[in-house]
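A.B. asks: My questions will all concern the structure given below.
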Amino acid sequence: MADRSFLDWPFLDDHHRRLAAELEEWAARELHTIDHDDVDGTCRELVRRLATGGWLTHATARPDADPAHPLDVRALCLIRETLARHSGLADFAFAMQGLGSGAISLFGDAALREEYLPAVRAGRKIAAFALSEPEAGSDVAALATSAVPDGDHYVLNGIKTWISNGGIADFYTVFARTGEAPGARGLSAFVVDAATPGLAISERIRVIAPHPLATITFNNCRVPRSHMLGASGAGFKVAMATLDVFRATVGAAALGFARRALDETLRHTMQRKLFGAPLADLQMTQAKIADMALAIDASALLVYRAAWTRDCVASRVTREAAMAKLHATEAAQQVIDQAVQLFGGRGVTHGEKVEELYREIRALRIYEGASEVQRLVIARQTLG
Ligand SMILES: Cc1cc2nc3c(=O)[nH]c(=O)nc-3n(C[C@H](O)[C@H](O)[C@H](O)COP(=O)(O)OP(=O)(O)OC[C@H]3O[C@@H](n4cnc5c(N)ncnc54)[C@H](O)[C@@H]3O)c2cc1C
């Protein structure tokens, strides 16, 4: 296995080290056979297994948590990194339980937390995060789904697309325009049960690394006022604070994919004979391996720096999380590409792990803020 010395870094505590060791053992035992043909069934099964293993307790706010730090972001990152190294779908199943319920962990009142978080932890409810729309992806302020008050309800109309877990989720955290002010200041967040009349899955979307993904339509969908997260008009803040936490964990997942690519590369280049010697003996191979190892360590430093800062120093880590996501996802793409190159023809063959990683990594540079958006965020924070 690739270098594990990062576990000794001062960003982590001893309970994180124990967590990483226990999860490693669990993942090796539980995740060696993953069915990629039935992604809905597999994700449901993975959520069940992650709940039974106790791992989903880390995806939601602990009942006794300090309100300023409801989530242990270092634990989230370690879990995503480890799961991604073993299975992209297992990481996806874990991550969506966290992201889909993240706004409840961070902004939910006692009633919403009690209604949803224990069920998410136990794997009884599958969660999803519904922000993007056909005309509002990077430009969140353009979102058009409306939520109009009507008695003790809001009535939602509009379309959300690219929604992970769309089709298998039991509830969605939905962002809609309530109109308190123009643009980003006129949005609110709601918890919407999948069974609510008027909510329909209008299209299932197939992507290069298959996982449950859908377009959702809201047609006069009535949601109780009590299901609003945070204040009316504070939806953009709810979304950004949730992404602040989970962006660093996207970097952690990319790191896990990159570490797996390096593991595969080391095994392959030491076994594969070329010109009478192992491929690893060639200096051009060694240069690639050095670049891969360096990129991985730099990503790990940025990911665990962001997670530690959120856990121990600051309530918002916009700059650190953007740097972690940007660097780790871009670097992982390059590391995996190098791995594919070193595998030769096998590298692009279905069934090879590096071919799967090549498909898995791509979307991470687009979702939860594309790389260009992360650059803008970092530039804004740096300028001032
Ligand atoms: C696999 C997958 C899963 C997803 N899951 C979810 C989910 O669960 N929930 C959810 O709400 N959304 C989800 N999304 C949507 C995702 O967040 C959006 O795709 C993303 O925000 C980009 O929006 P867009 O696709 O509309 O692209 P656009 O906003 O049209 O952007 C297109 C491209 O333009 C470039 N760009 C963007 N901004 C700038 C800029 N300022 N300057 C220069 N270039 C720029 C970027 O390269 C970007 O990729 C998912 C997407 C994918 C692919």
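The values are calculated or read from the model by the stated rules, or taken from the named source; none is laboratory data. Note that this is a predicted model, so its numbers are computed, not measured. For neighbour counting, all protein chains shown are included, and Cβ atoms are generated from backbone atoms with ideal geometry for every residue, glycine included. Surface accessibility is based on the protein's heavy atoms, side chains included, excluding ligands, DNA and RNA. Shrake-Rupley method; radii C 1.70, N 1.55, O 1.52, S 1.80 Å.
A.B. asks: If the Cβ limit is 6 Å and pairs must be 6+ apart or interchain, which residue in the stretch 220-239 that is under 11 Å from PHE175 (Cα atoms) pairs with which residue that is open to solvent by 70 Å² or more (accessible area, probe 1.4 Å)?
C.D. replies: Pairs found: GLY233/GLU180.
A.B. asks: On to the next question. Can you give me the number of residues within the stretch 133-159 that are without any contact (Cβ under 8 Å) to a residue 12 or more places away in the chain, assigned to a loop (DSSP other than H, G, I, E, B) and open to solvent by less than 70 Å² (accessible area, probe 1.4 Å)?
C.D. replies: 1
A.B. asks: Which condition number does ALA20 fail, the rest of (1) farther than 20 Å from ALA248 by Cβ; (2) outside any loop (DSSP other than H, G, I, E, B); (3) touching a helix residue (DSSP H, G or I) at 6+ places or on another chain (Cβ under 8 Å) being met?
C.D. replies: (1)
A.B. asks: Test each condition in (1) within 15 Å of the ligand (Cβ to nearest atom); (2) open to solvent by 10 Å² or more (accessible area, probe 1.4 Å) for PHE175 and report the one that comes out false.
C.D. replies: So the condition that PHE175 fails would be (2).
A.B. asks: Also, I was wondering about something else. Of the numbered conditions (1) on the phi < 0 side of the Ramachandran plot; (2) surrounded by fewer than 18 Cβ atoms within 10 Å (Cβ to Cβ), LEU302 fails exactly one; give the number of that condition.
C.D. replies: (2)
A.B. asks: Going by the conditions given, is GLU30 on the phi < 0 side of the Ramachandran plot, over 19 Å from the mean Cα position of the chain (by Cα) and modelled with pLDDT of 95 or more?
C.D. replies: no
A.B. asks: Looking at the stretch 366-384 only, could you name the residues that are closer than 21 Å to VAL335 by Cα and surrounded by fewer than 19 Cβ atoms within 10 Å (Cβ to Cβ)?
C.D. replies: Across the stretch 366-384, the qualifying residues are ILE366, TYR367, ALA370, SER371, GLU372, ARG375.
A.B. asks: Here's a follow-up. Whether any residue in the stretch 289-297 is at pLDDT below 95, surrounded by fewer than 18 Cβ atoms within 10 Å (Cβ to Cβ) and either farther than 30 Å from THR382 by Cβ or aliphatic (A, V, I, L, M) (or both) is what I want to check.
C.D. replies: no
A.B. asks: Test of understanding: among LEU89, LEU99, LEU76, which residue is more than 16 Å from the ligand (Cβ to nearest atom), crowded, with 18+ Cβ neighbours inside 10 Å, in a helix (DSSP H, G or I) and of a type outside the set (S, T, N, Q)?
C.D. replies: LEU76
A.B. asks: Filter the stretch 107-132 down to the residues that are more than 8 Å from the ligand (Cβ to nearest atom), over 12 Å from THR60 (Cβ atoms) and crowded, with 21+ Cβ neighbours inside 10 Å and list them by number.
C.D. replies: PHE107, ILE126, listed by residue number.
A.B. asks: For the stretch 215-254, what are the residues that are part of a strand (DSSP E or B), surrounded by fewer than 22 Cβ atoms within 10 Å (Cβ to Cβ) and either in contact with a Ser or Thr (Cβ under 8 Å, 6 or more places away or on another chain) or of a type in the set (Lys, Arg) (or both)?
C.D. replies: THR215, THR217, ARG222, ALA234
A.B. asks: Let me ask something additional. Can you tell me which condition ASP244 does not meet? The list is (1) more than 12 Å from the ligand (Cβ to nearest atom); (2) more than 30 Å from ARG305 (Cβ to Cβ); (3) modelled with pLDDT under 95, and all the others hold.
C.D. replies: Evaluating ASP244 over (1) more than 12 Å from the ligand (Cβ to nearest atom); (2) more than 30 Å from ARG305 (Cβ to Cβ); (3) modelled with pLDDT under 95 leaves (2) as the failure.
A.B. asks: Just name the residue that is surrounded by the most Cβ atoms within 10 Å (Cβ to Cβ) out of those in the stretch 328-358 that are farther than 24 Å from GLN271 by Cβ and either among the aromatic types (Phe, Trp, Tyr) or within 16 Å of the ligand (Cβ to nearest atom) (or both).
C.D. replies: My answer is THR329.
A.B. asks: Continuing with this model, one more query. Between residues in the stretch 360-377 that are in contact (Cβ under 8 Å) with a residue 24 or more places away in the chain and residues that are more than 8 Å from the ligand (Cβ to nearest atom) and part of a loop (DSSP other than H, G, I, E, B), which pairs lie under 7 Å by C-beta distance while being six or more apart or on different chains?
C.D. replies: Sorted first by the residue in the stretch 360-377, then by its partner, the pairs are ARG362/ILE208.
A.B. asks: When the residues of the stretch 133-167 are narrowed to those that are within 17 Å of the chain's Cα centre (by Cα) and within 25 Å of SER226 (Cβ to Cβ), which ends up nearest to the ligand (Cβ to nearest atom)?
C.D. replies: Here the answer is ILE163.
A.B. asks: Which condition number does THR60 fail, the rest of (1) modelled with pLDDT of 90 or more; (2) exposed (fewer than 13 other Cβ atoms within 10 Å of the Cβ) being met?
C.D. replies: (2)
A.B. asks: Listed residues VAL354, VAL303; which is under 11 Å from ALA261 (Cα atoms), touching a Gly at 6+ places or on another chain (Cβ under 9 Å) and at pLDDT 95 or above?
C.D. replies: Sole residue among the options that is under 11 Å from ALA261 (Cα atoms), touching a Gly at 6+ places or on another chain (Cβ under 9 Å) and at pLDDT 95 or above: VAL354.
A.B. asks: So LEU46 ticks every box in (1) more than 24 Å from TYR304 (Cβ to Cβ); (2) in a loop (DSSP other than H, G, I, E, B); (3) open to solvent by less than 20 Å² (accessible area, probe 1.4 Å) but one. Which box is left unticked?
C.D. replies: Failing condition for LEU46: (2).
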